[in-house]
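Peer 1: Take this structure first; my questions come after.
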Amino acid sequence: MIKLANYTQGQWQEGTGPGTTLYDPVLGTALASVDAGGLDMAACYDWARTQGGTALRALSYAERAALLKQIGQVLQDNRDKYYDISLQNSGTVQNDTAVDVDGAIYTLSYYAKLGGKLPAHVHLEGESQGLARDNAFASQHIEVPARGVALLINAFNFPSWGLWEKAAPALLSGVPIVVKPASATAWLTHEMVKDVIEANILPAGALSIVCGRPEGLLDALNALDMVSFTGSADTAASLRGHRRIQHDGVRFNAETDSVNSALLGPDDSDAAADLLVREVVRELTIKSGQKCTAIRRIFVPESRYEAIAGAIAAKLKTITVGDPRKPEVRMGSLVSRQQHEAILAGIAQLSHHCEILFNGSTEITIQAEAGSACVAPMLFGAKDPDTNPLVHQVEVFGPVATLMPYRDTEHAFELVRRGMGSLVASVYSEDPQFMAQAAIRLAESHGRVHLVNTEVAKVQTGHGNAMPQSNHGGPGRAGGGEELGGLRALKFYHRTAAIQGSPDILNRLGPANTCQGVAKP
Ligand code: NAP
């Protein structure tokens, strides 16, 4: 069994404790262990800030963008190995691994291209504003790279993409990173970091990894550092309460869980209904529903409730679930046996409050050894969603969704909003006016609104795919964070300051100055 070492202060260091074991969720075999015992997090961060940060900031945006391109190439060269690790440790079929591994490579290449076009000077945000008569004294906002370290805490479901979608904007900004992957799937993150370190692409201190739960993970941060967290709302809440964040002002971004929606428009379009059904089935089954963006709630006009339930159930019945090593299997395993128990508990909870429209556990034979973490898809129905608060609150992080009817569009928008802030809502309709109205109404409580009609059916990027060009995050329940969205992502790793002075001095802040800043989103 491999013991995954930590990489801090430019050295690989095994933990001194007993460690936590990572398993194959299908076969139950022990694969590796993580352990952070004995790590000195203060020294780790100090090294990253002084060595990594200084070296990264000495480069231009374009030079750092070139480093991202090289990282992408290393990942591409080792892609087969990552697919194999994912198969063993996450229990995913090849198409699902692609979302994680190829999604990471694409995100890196996107930021490499974007960064290659950035100017290498201080960014002036907007025009200067006069503060005195005749503009004798004025104010100009500028943005400069943060000088702290970025701690990236990731969830178990995206060990690859979860790292690189955060790392790309941070490194491009000139900020060194320390990644702490989720323990259950840390192997893939670890292998990628190891390959990038061995390829000697980044300056010393720019990239470190700590596995498990290091002592002082947050205590050792200082007020000018950043934490970018992905995981459950409960963990986010407990981290938010940490003194460094609550009291000292460490910048904190949270991407948490969310009960995302799919909404079928009121127009009687069969084509739109087909598109919704297809997307719901895809979202239920990709990564066995273990995506923060997966569709959890489906809203359809009352008159179509039965027909849509039947159409989704018919498609789900054809899904082969089981050991991803079997070529006929389309949907693999949950990530661990603990998750398996948690999903079964969530299913039991929803069963008390909903009707069962499709029960995969009786309709589908799971093609895996007994005791595997595979679970079949479930579709629930809640005919009176107004009096069923649970369906708007509970995120069962597996292949589980609930269908609900709505009376009219106002009712539909109100029901969607009861998720109290989600990452994404998708809308299916052939009525462009309704789509535009839905976009504006849902934007207030969603980080992304995904509009699908027949015109875009073949080219749309998918309800659940977080594209680097678009904002990823959501208000309220979803954590209130923002990631990706092109250059917007760089904001988190920069500081904005208002510079007040004479116009002559303010004029010197622009292109002639060699200190690096960020372009406007
Ligand atoms: P989790 O239990 O909250 O763990 C997330 C991360 O936080 C892991 O790295 C975990 O480390 C770490 N952690 C937990 N407690 C900690 C503590 N006290 N101090 C420091 N670190 C701590 O979430 P998960 O089970 O991995 O992921 C599933 C959840 O993430 C779902 O609810 C899903 O919706 C959400 N998610 C959201 C997004 C998004 O972008 N919005 C993306 C993916 C997943 P250990 O693994 O070592 O415990």
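Peer 1: If only one of ALA294, ALA237, ALA262, ALA254 is free of Cβ contacts under 8 Å to residues at least 12 places away in the same chain and within 22 Å of GLU482 (Cα to Cα), which one is it?
Peer 2: Numbers: ALA294 fails: free of Cβ contacts under 8 Å to residues at least 12 places away in the same chain; ALA262 fails: free of Cβ contacts under 8 Å to residues at least 12 places away in the same chain; ALA254 fails: free of Cβ contacts under 8 Å to residues at least 12 places away in the same chain.
Matching residue, one of ALA294, ALA237, ALA262, ALA254: ALA237.
Peer 1: Sticking with this structure for a sec: Mind listing just one residue for me: the one in the range 392-411 that is within 16 Å of the ligand (Cβ to nearest atom) and not in a strand (DSSP E or B) and, of those, most open to solvent (accessible area, probe 1.4 Å)?
Peer 2: Of everything passing the filter in the range 392-411, GLN393 is most open to solvent (accessible area, probe 1.4 Å).
Peer 1: How do the pairs read when you match residues in the range 153-167 that are open to solvent by less than 10 Å² (accessible area, probe 1.4 Å) with residues anywhere that are in a loop (DSSP other than H, G, I, E, B), using Cβ under 6 Å and keeping only pairs 6 or more apart or on different chains?
Peer 2: From the range 153-167, the pairs are PRO159/PRO181; GLY162/ASN154.
Peer 1: Looking at the range 459-480, is at least one residue more than 16 Å from the ligand (Cβ to nearest atom) and not in a loop (DSSP other than H, G, I, E, B)?
Peer 2: no
Peer 1: Please go through the range 442-455 and pick out each residue that is under 24 Å from the mean Cα position of the chain (by Cα) and not in a strand (DSSP E or B). Before the answer, list the steps.
Peer 2: To start, the set of residues in the range 442-455 that are under 24 Å from the mean Cα position of the chain (by Cα) comprises 442-452.
Within the range 442-455, LEU442, ALA443, GLU444, SER445 meet the criteria.
Peer 1: Oh, and also: Spot the failing condition for ARG147; the list is (1) in contact with a Gly (Cβ under 7 Å, 6 or more places away or on another chain); (2) within 12 Å of the ligand (Cβ to nearest atom); (3) basic (Lys, Arg), and only one is missed.
Peer 2: The number of the failed condition is (2).
Peer 1: I've got another one for you. Can you pull out every residue in the range 312-337 that is open to solvent by 40 Å² or more (accessible area, probe 1.4 Å) and in a helix (DSSP H, G or I)?
Peer 2: Keep residues of the range 312-337 that are open to solvent by 40 Å² or more (accessible area, probe 1.4 Å), which gives 314-315, 317-318, 325-328, 330, 337.
Passing the criteria: ALA314, LYS315, ARG337.
Peer 1: I've got another one for you. Any idea which residue in the range 414-448 is surrounded by the most Cβ atoms within 10 Å (Cβ to Cβ), counting only those that are among the aliphatic types (A, V, I, L, M) and within 16 Å of LEU275 (Cα to Cα)?
Peer 2: Filtering the range 414-448 down to residues among the aliphatic types (A, V, I, L, M) leaves 415-416, 420, 423-425, 427, 435-436, 438-440, 442-443.
Among the residues that remain, those that are also within 16 Å of LEU275 (Cα to Cα) are: 425, 427, 435.
On the way: ALA425: 30, VAL427: 28, MET435: 19.
Among residues in the range 414-448 that are among the aliphatic types (A, V, I, L, M) and within 16 Å of LEU275 (Cα to Cα), the one surrounded by the most Cβ atoms within 10 Å (Cβ to Cβ) is ALA425.
Peer 1: Let me confirm something: among ALA294, ALA272, which residue is open to solvent by less than 10 Å² (accessible area, probe 1.4 Å), within 16 Å of the ligand (Cβ to nearest atom) and not basic (Lys, Arg)? Break it down into steps so the answer makes sense when it comes.
Peer 2: Details: ALA272 fails: within 16 Å of the ligand (Cβ to nearest atom).
Of ALA294, ALA272, the one residue that is open to solvent by less than 10 Å² (accessible area, probe 1.4 Å), within 16 Å of the ligand (Cβ to nearest atom) and not basic (Lys, Arg) is ALA294.
Peer 1: Next question. Only one of (1) of a type in the set (Asp, Glu); (2) in contact with a strand residue (DSSP E or B) (Cβ under 8 Å, 6 or more places away or on another chain); (3) within 19 Å of PRO169 (Cβ to Cβ) fails for ASP40. Which number is that?
Peer 2: Condition (3) is where ASP40 drops out.
Peer 1: Would you pick out the residues in the range 25-56 that are more than 16 Å from the ligand (Cβ to nearest atom) and touching a Ser or Thr at 6+ places or on another chain (Cβ under 9 Å)?
Peer 2: Matches in the range 25-56: VAL26, LEU27, GLY28, ALA30, GLY38, ASP40, ALA43, TRP47, ALA48, GLY52, LEU56.
Peer 1: Oh, and also: Within the range 201-215, restricting attention to residues that are within 11 Å of the ligand (Cβ to nearest atom) and open to solvent by 20 Å² or more (accessible area, probe 1.4 Å), which residue is nearest to the chain's Cα centre (by Cα)?
Peer 2: The qualifying residue nearest to the chain's Cα centre (by Cα) is ARG213.
Peer 1: For VAL178, only one of the following conditions fails: (1) assigned to a strand (DSSP E or B); (2) within 12 Å of the ligand (Cβ to nearest atom); (3) β-branched (Val, Ile, Thr). What is its number?
Peer 2: (2)
Peer 1: For the range 416-439, which residues satisfy the criterion of being hydrophobic (A, V, I, L, M, F, W, C) and in contact with a strand residue (DSSP E or B) (Cβ under 9 Å, 6 or more places away or on another chain)? Can you show your working first?
Peer 2: Here is the first cut: in the range 416-439, the ones hydrophobic (A, V, I, L, M, F, W, C) are 416, 420, 423-425, 427, 434-436, 438-439.
Result: VAL416, LEU423, VAL424, ALA425, VAL427, PHE434, MET435, ALA436, ALA438, ALA439.
Peer 1: In this structure, is GLY421 in contact with a Ser or Thr (Cβ under 6 Å, 6 or more places away or on another chain), under 15 Å from ARG296 (Cα atoms) and not β-branched (Val, Ile, Thr)? Explain how you work it out, then say what you get.
Peer 2: Working: in contact with a Ser or Thr (Cβ under 6 Å, 6 or more places away or on another chain): yes; under 15 Å from ARG296 (Cα atoms): yes; not β-branched (Val, Ile, Thr): yes.
Yes.
The values are calculated or read from the model by the stated rules, or taken from the named source; none is laboratory data. As the structure is a prediction and not an experimental result, all values here were calculated from the model. In this analysis, Cβ positions are derived from the backbone assuming ideal geometry, glycine residues included, and neighbour counts consider all displayed protein chains. Heavy atoms of the whole protein, side chains included, go into the accessibility calculation; ligands, DNA and RNA do not. Shrake-Rupley method; radii C 1.70, N 1.55, O 1.52, S 1.80 Å.
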